[in-house]
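What follows is one structure encoded as structure tokens, with my remarks underneath.
What follows is calculated from the coordinates using simple rules that are stated; it is not laboratory data. Predicted model, so just to flag it, every value in this text is computed and none were measured. Positions of Cβ are backbone-derived with ideal geometry, glycine not excepted, and every protein chain shown enters the neighbour counts.
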Amino acid sequence: MDLWIIRIILFAAILISGFLVRPFGPNLVLTLVFGVVFGLFILFVECRIRALSLKTVLGGAVGALLGIIGASLVSPVIGRMNFVHPEIETFVQILVLILMTYLGMLSGTSKGEFIDLASLGGIFTENALRKSCKVLDTSVIIDGRIADICETGFLEGTLVAPHFVLRELQQIADSADSAKRNRGRRGLDVLEKIKSVPGVSVQIVEKDFPEVKEVDLKLIELAKEMGAKIVTNDFNLNKVSQLRGVEVLNINELANALKPVVLPGETMKVFILKEGKEYNQGVAYLDDGTMVVVDNARRMIGRTISTQVTSVLQTTAGKMIFGRFPDDSEPGSRQERRSYDRGGMSARFGNGEEEKERLKER
């Protein structure tokens, strides 16, 4: 909204200047048309500059300045030439000025990416700070774990929430489907929660890319323009971003990296929840959702046992742990089973001494 106010003021200034100066004499219509065309040209240049990076703009400005300096050095040489008409000399000087300015600007914009802004310091140090920005994806906002990560202090800096992501969240929150509606509202609540975390700031960016239709591609373009990273848990967006040269912070990869490491031969305690697919297998789950398949543990369903890890399988879907519970043929297995059975009987019927006391009372 503020930009449109500035643009309106610019148009008004151009029209008022044309009315006061009268560059075309009493012809006010021609002056009005010229002012409108000139204002639209300035807006077109502004839109093109906003789409360019700071390095490209700086390189073009330096190149144009060098071109103007070169044209000013050539102008005295042109002035020493004997032209038939002075108007031709002025025209040639203007033509050389435009040509050298254009060539300098063209060369500067093409070589601007080689400029190291960090070494210049001053006002350009802000560009280095933008590297710490993280652009949030819709999926990672709805997921909600990003708020917990921010509270732990492992993720700091500026989290960028683009306007088109908020618009997508609003559409999901207004959906007729109750499940989608709850997910959208959850995402909005997560953003409010992140705003209250100290050390983390949420910035709403109005930048949009009308020529790009998909939200994922808009995220990539915004991250490239800002020099930021994308925070997501979308597998496809992760791959496309890496192909486009944009760094990605994947929440799912972080969760997999934080899973406890279990090596074959170690002993762990698990709660057998259900029967496995194979014969005499029991299935348990760790706190992080990792499945543990235990051989010879079918009859131990509903109990906590100690199992020895035999192997660990890492797949794209997650991690699976395989263990073994001693059977009757192994040494010491009968005594171990009796201890589990005795514990189960005690839990169901109580201690034998307590039963004797009840009989005496009778």
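In µm²/s, what is D for the stretch 190-233 at 37 °C and 0.692 mPa s, where D = kT/(6 pi eta Rh) by Stokes-Einstein and Rh is the Kirkwood radius from Cα pairs? Please report the intermediate quantities before stating the final value.
On the way: Rh = 12.2 Å.
Reported coefficient: 270 µm²/s.
Let me know the shape class of the stretch 1-86, please: from the alpha-carbon gyration tensor, a ≥ b ≥ c as square roots of the eigenvalues, rounded when a/c is under 1.5, otherwise prolate if a/b is greater than b/c, or oblate.
It is oblate, given that a/c is not under 1.5 and a/b is not larger than b/c.
Where nothing but the Cβ of Lys and Arg (+1) and of Asp and Glu (-1) is charged, how large is the charge dipole of the stretch 2-119 around its Cα centre, in debye to the nearest 20? Display every interim value, and only then the final one.
Details: 7 positive and 6 negative charges, 18 e Å.
Charge dipole, the stretch 2-119, about its Cα centre: 80 debye, nearest 20.
Treat the stretch 256-298 as a sphere of radius equal to its Kirkwood radius over Cα pairs and apply Stokes-Einstein at 37 °C in a medium of 0.692 mPa s; give the translational diffusion coefficient in µm²/s, rounded to a whole number. Write out the running numbers ahead of the final one.
Details: Rh = 11.2 Å.
For these conditions, the coefficient is 293 µm²/s.
When DSSP beta bridges are limited to those with both residues in the stretch 178-320, what percentage is antiparallel, rounded to the nearest 5? Don't skip to the end; give the middle numbers.
Working: 16 of 20 bridges.
In the stretch 178-320, DSSP labels about 80 percent of beta bridges as antiparallel.
Would you mind putting 179-190, 293-304, 33-44 in packing order, based on average other-beta-carbon counts within 10 Å, highest first? List each step's numbers first, then the result.
Working: 179-190: 16.7, 293-304: 18.4, 33-44: 13.6.
Output ranking for 179-190, 293-304, 33-44: 293-304, 179-190, 33-44.
Report, largest value first, the span of the C-alpha coordinates of the stretch 141-206 along each principal axis, in whole Å.
Extents along the principal axes: 37, 25, 14 Å.
Quote the convex hull volume per residue of the stretch 127-257, based on C-alpha atoms, as a whole number of Å³.
Numbers: hull volume 14.8 nm³, N = 131.
Once divided by residue count, the hull of the stretch 127-257 is 113 Å³.
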